[in-house]
Amino acid sequence: MTRDVWKKVLVGLLVGLPIVFFIVSYFLITVSGEDIFQGAGTAPDVWKDLREAFLHNARIPDMYAWAVINFFDYQYRFGIDTIFRLIDVLLGVGMLVLMTRVAVGKSWGMKKKGERTGMTLGTAMLWALAFIMMFLTPHGRVLYAGFSAIHNYLLIVMISLGFGWWYLKWVRGEDDREQWWKVVLMLGFGVVFGLSSNLTPIAFLITVVGFVVVEMVRKRKIREVIGKLPRWGIAGVIGVVLGMGVAYIYGPGVSGYLESGYTEEYDYVSFEDLRKEPGRSAVKIAKHTVRNFVRVFGPVLGVLVVVAVVAWLARRDEVKWWPEEKGTRMVLKGLIAFVIVHVVIAAQLDAPLRILLPAYVGAVMVLMILVKEWSVGWNARWEVCVGLGLAVVMLGVVGMRTVLAVEYREKAGKVLEKIGAAEGEVVCVTREEVKSRVLPVIYLGQEDMLAEWAMPAKVLGKEVVWCE
């Protein structure tokens, strides 16, 4: 085969493996203990679930998760849950599409040949890098380990990316047209984003307001700066405020989290603690901030060092360490500011990775943009070698995820058969029977079918308890 053919095969491999990963993860997975607790395998009651989820924390992702889980069987067999599993696959692929689109820009890195268009190897490598950074680190666990987490955090990431993408396009100079439908769209989208999570909309608002204020100070022309803001952008900000207002006025605010053990499990520092013990609370917040920054930036900085070394070996003094193009610099600054703000406002918690996920996605996009800039001018041999290395890593991730998914599907299937065949209304199982095998640090397995905190569980119409 010619070099061009080999490149096309490599591009297909890099692009296709993440799709295989999502299909395996969402179709071979067995429902988790939390999924069963929320109603998997039982008759749907969508309106009741929507209402209870709103009263629980007023987040759209939770409302979606609670409403659709009843349509899922314990293990996949063709039925209505096929639709929702396919939606999950599309959301997973869409996440990588938007991350790559932000990194590459309007061109999308597509190469035209006559009437045919194809993704370039460089863009496919960025796509692969996004996948590896998400799923070869503990951050990706909530995106494949259990449907409750998948439907929550995959949706939060997609809403955040979809909403923020319009602003990143604007600061890059890709879209400055004023159209009435954009104003309506972004107003509604802003409400959805404001209702999507607790911290991410706040981080977005602080970042946007901060950029506007900096521009006002820098140019010393308030009217001129405000006049250049797009109407749809202002409508989006208004929508976010409205969405957050609905969540905090008509929903429970953060009380649901505080009552569910967040104060103990994640070392929560309340405003009351800050008032009563300012010194001790300040020390805690400082520790949380450092730990949260390490969680978000640790994997990214590690990869950046490796890429910097490779870039220096490949191009040495010719490497452009900071983008020359103004729009790309603005996108980088916006993303870095958002990530820092998001981490800082999470400082009341020794935050779990799922809370920091939107910030981590932003940090990964920063990495992708810098890698794109640093890899300019690499010769074909360097590019193909790095592409092959990425493909090998991806094959390992997808292969191990498939092995663990198939293994647990078989193991959990035997437990379901045992429950279905048992006489009586109460069935006991051992913890070992439902224990999922996982890898250290990177995980790649799934959550157990039965959760300790959710026992006894109702499965196949029977009460399941732990065996003595």
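The values are calculated or read from the model by the stated rules, or taken from the named source; none is laboratory data. Keep in mind that this is a model prediction, so the values were computed, not measured. Please note: Cβ atoms are built from the backbone with ideal geometry, for glycine as well, and neighbour counts cover all protein chains shown. When the accessible area is computed, the model is the full protein with side chains, heavy atoms only, and any ligands, DNA or RNA have been set aside. Shrake-Rupley method; radii C 1.70, N 1.55, O 1.52, S 1.80 Å.
Structural remarks
- Within the range 325-350, the set of residues being within 16 Å of VAL294 (Cβ to Cβ), in a helix (DSSP H, G or I) and in contact (Cβ under 8 Å) with a residue 60 or more places away in the chain comprises HIS342 only.
- The residue of the range 448-468 that is nearest to LEU143 (Cα to Cα), among those that are open to solvent by 50 Å² or more (accessible area, probe 1.4 Å) and of a type in the set (D, E, K, R), is GLU452.
- Under the condition of being touching a helix residue (DSSP H, G or I) at 6+ places or on another chain (Cβ under 9 Å), of a type outside the set (S, T, N, Q) and at pLDDT 90 or above, the residues counted in the range 14-47 number 20.
- Any hit, the range 72-86, residues being under 19 Å from the mean Cα position of the chain (by Cα), assigned to a helix (DSSP H, G or I) and over 20 Å from ALA412 (Cα atoms): yes
- Contacts under 8 angstrom Cβ, first residue in the range 240-252 being open to solvent by 20 Å² or more (accessible area, probe 1.4 Å), partner among the acidic types (Asp, Glu), 6 or more apart: none
- Of all residues in the range 350-360 being in contact with a helix residue (DSSP H, G or I) (Cβ under 6 Å, 6 or more places away or on another chain) and of a type in the set (A, V, I, L, M), the one that is farthest from SER160 (Cα to Cα): ALA351
- For VAL290, the conditions (1) open to solvent by 70 Å² or more (accessible area, probe 1.4 Å); (2) modelled with pLDDT under 90 are fulfilled apart from (2).
- Test: residue in the range 416-423 that is within 15 Å of GLY146 (Cα to Cα) and surrounded by fewer than 19 Cβ atoms within 10 Å (Cβ to Cβ): no
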